[in-house]
Amino acid sequence: MTRNLCIVLGDQLSQNITSLKNLRKEDDKILMMEVVNEATYVNHHKKKLILIFSAMRHFAEDLKKQGYTVIYSKINNSSNTFTEELVKQCKNTKPKKIVITHPGEYRVLQEIKKWKKIVKIPVSIVEDERFFCNINEFEKWAASKKELKMETFYQMMRKKYNILIDENGKPQGGKWNYDIKNRKRLPKNYPSIPKPLEHKPDNITKQVIEDVKGKFPKHFGNLESFWFGTTHQDAIKSLNEFIENRLELFGPYEDAMAQNEKFLYHSVLSIYLNIGLLEPKQVIDKVLQKKNIPVESVEGFVRQILGWREYIRGIYWLTMPKYSETNYFNAKNNLPEFYWTGKTDMNCMKNCVNQTIQDAYAHHIQRLMITGNFSLIAGINPKQVCDWYLSVYADAFEWVELPNTHGMTLYADGGIVGTKPYAASGNYINKMSDYCKDCKYDVKKKEGEDACPFNYLYWNFFLTNKKKLENNPRLWTVFSNIKKMSKGKRKQIQNDSKNFLIQITKT
Ligand code: FAD
Ligand code: DLZ
Ligand code: SF4
């Protein structure tokens with residue numbers, strides 16, 4: 001007879017996870033399940049599957065070494081769903097209670113809520129304490145605000161946790177936000193940038209690679225040269241490496257892009273943070289301990305984790321399930337095939353998709369201003385765009401992917417996360433990267449076959465959505481330019497866009 005059957009999900013791989021607290025090694029058991037449905041509900045990148053399964057198997061081994069009884073179902077002989085596997089394991093173990101930490105995804109929470117009825121055993125869903133802000137606290141904050149601005153939330157969190165605050169209660173350096181200093185282009189002769197730490201696959205990971213190769217051969221992405229860490233110790237090494245080598249210049253080049261620099265000065269830590277191998281508090285503490293780092297880098301980095309990451313999670317739980325169903329611009333086009341293959345003449349898109357195929361990674365500005373911006377101005381259906389992001393990035397879990405894609409990038413929520421759509425023409429991409437110099441299209445050209453498609457699609461987007469956007473004060477310049485445009489020019493933009501979109505979005 002088992003007292004508690006404690007379930008640990010694939011993104012709950014933290015020694016401090018709430019469900020493991022107060023566990024009794026003698027009469028409690030832990031259940032971890034690799035299941036087919038979780039691996040296939042979207043076309044997950046093969047490297048993402050390897051990361052999650054390998055990290056789960058390592059975590060289970062660790063727990064066993066500490067004396068816990070772990071029941072583990074591997075993907076090769078597992079059930080289709082969490083529920084099926086749970087029913088099977090409840091018959092074997094006859095627990096008095098099931099304990100699980102609040103899951104990261106709404107879909108999974110709905111599944112868990114049905115368990116009590118199905119297995120006829122009480123189910124206790126305990127809070128996920130790994131975040132700085134819990135779901136109720138965010139709800140309270142949101143209820144007190146007219147607009148849910150990240151900046152206001154972030155300042156509240158800085159004060160609450162006394163992070164980067166001086167002795168007078170003011171922000172260190174005098175300003176709350178150094179975003180303005182986070183927008184440098186990479187100079188021409190920049191010094192070599194140290195790459196993120198590559199971890200060599202051990203025997204557990206090698207077995208997982210074989211399992212994924214055998215079971216999910218048609219999934220997106222390249223599984224060769226798997227280099228992610230799969231344990232807490234690996235993740236700590238990666239964190240230290242980032243702080244030593246890239247944190248200092250993280251701030252100035254946060255928005256830069258470069259063809260031969262997939263990672264630039266980014267941390268590449270979301271893959272570890274999101275499955276629990278690192279905890280946000282631990283990451284921020286370590287970053288703050290490092291001396292002599294410019295304020296725009298420390299604040300810039302803290303803002304991403306204490307600000308954006310927590311805010312995005314809050315928005316997700318505040319607004320689901322309705323959030324995912326909105327489509328403010330009524331965007332209907334199909335996601336072009338090149339999002340999966342990288343086969344396009346647009347050099348910026350080709351680069352971002354190819355590195356995604358290889359590494360299941362792109363940094364924020366590539367996701368927002370290249371692949372995201374394109375899908376916004378090309379009017380791609382938000383559900384298809386969100387499914388793509390959820391599939392292709394190793395760090396993608398719906399709670400963080402959805403508000404970033406649906407809200408921040410596509411403005412499909414009508415302006416909950418962003419105050420205006422992040423639409424940009426080729427000019428912005430050319431300013432922030434070196435993609436355009438090797439592109440078949442001409443970034444300086446506004447119309448015609450060899451003009452940069454971002455140029456006419458940008459104006460076409462505002463012409464199409466004029467009614468919904470023209471009263472937005474942040475878009476005043478855009479619409480005053482549109483007013484000055486001749487009829488002929490508008491027609492040309494619309495024709496170029498139509499022809500291009502027909503070519504790329506046919507199924
Ligand atoms: P860094 O640039 O080094 O940033 C440090 C950390 O801050 C990240 O590891 C991450 O934990 C956090 N962070 C930074 N920006 C954000 C943000 N906007 N929202 C939440 N956390 C943030 N992030 C995910 O973790 N999972 C996703 O599925 C995801 N999908 C995205 C989809 C789109 C369309 C966009 C525009 C952004 C998305 N992001 C997502 C946010 C961001 O792009 C990634 O967190 C970041 O690129 C991860 O790389 P990094 O660890 O090198 O980040
Ligand atoms: C993403 C994912 C995958 C691919 N596989 C599993 C799995 O087999 N077992 C598991 O426990 N979790 C997996 N996950 C994570 C879940 O799909 C889901 O995102 C999280 O549990 C958050 O609710
Ligand atoms: Fe991208 Fe346009 Fe530049 Fe080509 S010219 S790389 S399509 S922005």
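The values are calculated or read from the model by the stated rules, or taken from the named source; none is laboratory data. Just so we're clear, the structure is a prediction, and the values are computed from it rather than from any experiment. Ideal geometry is used to build each Cβ from the backbone, glycine not excepted, and the neighbour counts take in all protein chains shown.
At a glance:
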{"quantity": "Among residues of the stretch 171-183, those that are at pLDDT 95 or above and either of a type in the set (Ser, Thr, Tyr) or part of a loop (DSSP other than H, G, I, E, B) (or both), counted", "calculated": "4"}
{"quantity": "Test: residue in the stretch 144-163 that is hydroxyl-bearing (Ser, Thr, Tyr), crowded, with 18+ Cβ neighbours inside 10 Å and either touching a helix residue (DSSP H, G or I) at 6+ places or on another chain (Cβ under 9 Å) or assigned to a helix (DSSP H, G or I) (or both)", "calculated": "yes"}
{"quantity": "Number of the exception - Tyr265 against (1) outside any loop (DSSP other than H, G, I, E, B); (2) touching an Asp or Glu at 6+ places or on another chain (Cβ under 9 Å)", "calculated": "(1)"}
{"quantity": "Residue that is of a type in the set (Gly, Ala, Ser) and within 16 Å of ligand 1 (Cβ to nearest atom), where the choices are Gly448, Gly414, Gly418, Gly426", "calculated": "Gly418"}
{"quantity": "Inter-residue pairs, beta-carbon under 9 Å, first among the aromatic types (Phe, Trp, Tyr) and in the stretch 404-416, second within 16 Å of ligand 3 (Cβ to nearest atom), 6+ apart", "calculated": "Tyr411/Leu376; Tyr411/Tyr422; Tyr411/Ala423"}
{"quantity": "Number of positions in the stretch 436-451 that are surrounded by 14 or more Cβ atoms within 10 Å (Cβ to Cβ) and not in a loop (DSSP other than H, G, I, E, B)", "calculated": "3"}
{"quantity": "Set Asn16, Asn37: member being more than 16 Å from ligand 3 (Cβ to nearest atom), farther than 23 Å from Ala235 by Cα and touching a residue at least 40 places away in the same chain (Cβ under 8 Å)", "calculated": "Asn37"}
{"quantity": "Residue match in the stretch 384-404 (condition: surrounded by fewer than 22 Cβ atoms within 10 Å (Cβ to Cβ) and away from ligand 2 (no atom under 16 Å from the Cβ))", "calculated": "yes"}
{"quantity": "For Phe220: the one exception among (1) within 25 Å of Gly300 (Cβ to Cβ); (2) in contact (Cβ under 8 Å) with a residue 12 or more places away in the chain", "calculated": "(1)"}
{"quantity": "Candidates Lys491, Lys498, Lys420, filtered to the one that is loosely packed, with under 14 Cβ neighbours inside 10 Å, under 24 Å from the mean Cα position of the chain (by Cα) and more than 30 Å from Lys46 (Cβ to Cβ)", "calculated": "Lys420"}
{"quantity": "Single condition Asp438 does not satisfy, out of (1) among the acidic types (Asp, Glu); (2) farther than 30 Å from Gly314 by Cβ; (3) within 16 Å of ligand 1 (Cβ to nearest atom)", "calculated": "(3)"}
{"quantity": "Odd one out for Leu278, checked against (1) part of a helix (DSSP H, G or I); (2) within 10 Å of ligand 1 (Cβ to nearest atom)", "calculated": "(1)"}
{"quantity": "Where a residue in the stretch 440-454 is touching a residue at least 12 places away in the same chain (Cβ under 8 Å) and its partner, wherever it lies, is within 16 Å of ligand 1 (Cβ to nearest atom) and not in a helix (DSSP H, G or I), with Cβ under 9 Å and at least six apart", "calculated": "Pro453/Ala378; Phe454/Ala424"}
{"quantity": "Evaluation of Ser391 against (1) touching a Cys at 6+ places or on another chain (Cβ under 8 Å); (2) within 21 Å of Glu325 (Cα to Cα); (3) not acidic (Asp, Glu) (one fails), failing number", "calculated": "(1)"}
{"quantity": "Checking Ser124 against (1) touching a residue at least 40 places away in the same chain (Cβ under 8 Å); (2) farther than 19 Å from Glu34 by Cα, the condition it does not meet", "calculated": "(1)"}
{"quantity": "Any hit, the stretch 468-485, residues being assigned to a helix (DSSP H, G or I), among the aromatic types (Phe, Trp, Tyr) and more than 13 Å from Ile377 (Cα to Cα)", "calculated": "yes"}
{"quantity": "Scope the stretch 164-184; condition over 18 Å from Glu248 (Cα atoms) and not polar (S, T, N, Q); matching residues", "calculated": "Ile165, Asp166, Glu167, Gly169, Lys170, Pro171, Gly174, Lys175, Trp176"}
